[in-house]
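Colleague: Below is one structure. I have some questions about it.
The values are calculated or read from the model by the stated rules, or taken from the named source; none is laboratory data. What you are looking at is a predicted structure, and each value in this text was computed from that prediction instead of being measured. Glycine also receives a Cβ, built like all others from the backbone with ideal geometry; neighbour counts cover every protein chain displayed. Ligands, DNA and RNA are stripped out before the accessible areas are found, and what is left, the full protein with its side chains, is counted by its heavy atoms. Shrake-Rupley method; radii C 1.70, N 1.55, O 1.52, S 1.80 Å.
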Amino acid sequence: MITDKTTLKEVFSNNNNFDELYPDDIRSLSRLHWTSIEIAKRAGRFLAATPGAKILDIGSGVGKFCLSAGYHHPDCNFYGVEQRGSLVGIANQVQQQLSVANVTFIHANFTQLDYSAFDHFYYYNSFYENLIDESLYIDNHIDHSESLYYYYTDYLYGVLKQRPQGTRLVTYQSSYERIPAAYRLVESDVDMLFNCWIKYR
Ligand SMILES: C[S@@+](CC[C@H](N)C(=O)[O-])C[C@H]1O[C@@H](n2cnc3c(N)ncnc32)[C@H](O)[C@@H]1O
């Protein structure tokens, strides 16, 4: 239970402490499927560029990026869209426990959103689950297929292409070829797995 500021600070500075907030089965998926607290903090710092910015995590899982970034940047608003209702439920529970007010989780397919409502984006290779071995799936409650992978990455490419100049994007463990050419790479780390982009035209 989070009861005082010191404990809260410890939770947001250590990935294992943060993962302790989740049920065992969710925690066991962490290494493969959820952003670490360290990466979430770095991504948040880049995306929270101006007060009031609205930042969307495309495929927010159990909310680690949004909750961490929301805690560190209370002057911005973070949104997570997630297709699995069970994960949205868990993200909401942990949000309540942490009392982070500037985060909203949306249960939907990312193709259903109006992107004019958001300024900047975080993307942790959310559709890759369609290409991996079944034994590594988060669960079997949704359809997986190679064609879905290409449909979603093409859709996201189209969304990013439409966004205005100045849009910021952080990609983690994602392929460069699915990012429109109008995005300039401005920072790269973790063997080029962590990448920060700004749309320049
Ligand atoms: C690699 S996990 C990343 C979770 C979270 N962004 C994080 O960094 O901790 C990808 C998530 O995207 C979700 N996802 C995949 N396709 C989606 C879609 N079409 N619409 C909404 N969510 C999707 C999956 O259910 C999964 O929870």
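Colleague: Using only alpha carbons, build the gyration tensor for the range 72-180 and give me the equivalent ellipsoid semi-axes, biggest first, whole Å.
Modeller: 23, 21, 12
Colleague: Among T153, T111, T167, determine the one that fluctuates most according to a GNM of the chain built with springs between C-alpha atoms less than 10 Å apart.
Modeller: T111
Colleague: Quote the charge dipole size of the chain about the Cα centre in Debye, to the nearest 20; the model charges only the Cβ of Lys and Arg (+1) and of Asp and Glu (-1).
Modeller: Dipole of the chain, to the nearest 20 debye: 920 debye.
Colleague: Right, something else. Count the lysine pairs in the chain whose Cα atoms sit under 29 Å apart, keeping only pairs 8 or more residues apart in sequence or on different chains.
Modeller: For the chain, qualifying lysine pairs total 16.
Colleague: Okay, moving on. Computing the accessible area with a 1.4 Å probe over protein heavy atoms, can you report the carbon and sulfur percentage for the chain?
Modeller: Carbon plus sulfur share of accessible area: 47 percent.
Colleague: Given only helices, namely DSSP H runs of n ≥ 4 each adding -39500 (n - 2.57), what is the per-residue ellipticity at 222 nm of the chain, to the nearest 500 deg cm²/dmol?
Modeller: Computed ellipticity for the chain at 222 nm equals -10000 deg cm²/dmol.
Colleague: Explain nothing, just the number: relative contact order of the chain, from Cα pairs under 8 Å at least 6 residues apart, as a whole percent. Intermediate results must be reported in sequence, preceding the final value.
Modeller: Values: 330 pairs, mean separation 33.5, N = 201.
Relative contact order here is 17 percent.
Colleague: In 5 Å bins starting at 0, how do the alpha-carbon pair distances of the range 12-150 split up by percent?
Modeller: Here the calculated profile for the range 12-150 is 2, 10, 21, 24, 21, 13, 7, 2, 0.
Colleague: Okay, moving on. Please name whichever of Q112, N15, V159 sits farthest to the positive end of the charge dipole of the range 5-199, dipole taken about the Cα centre and charges placed at Cβ: Lys and Arg +1, Asp and Glu -1.
Modeller: Among Q112, N15, V159, the one farthest towards the positive end of the dipole of the range 5-199 is V159.
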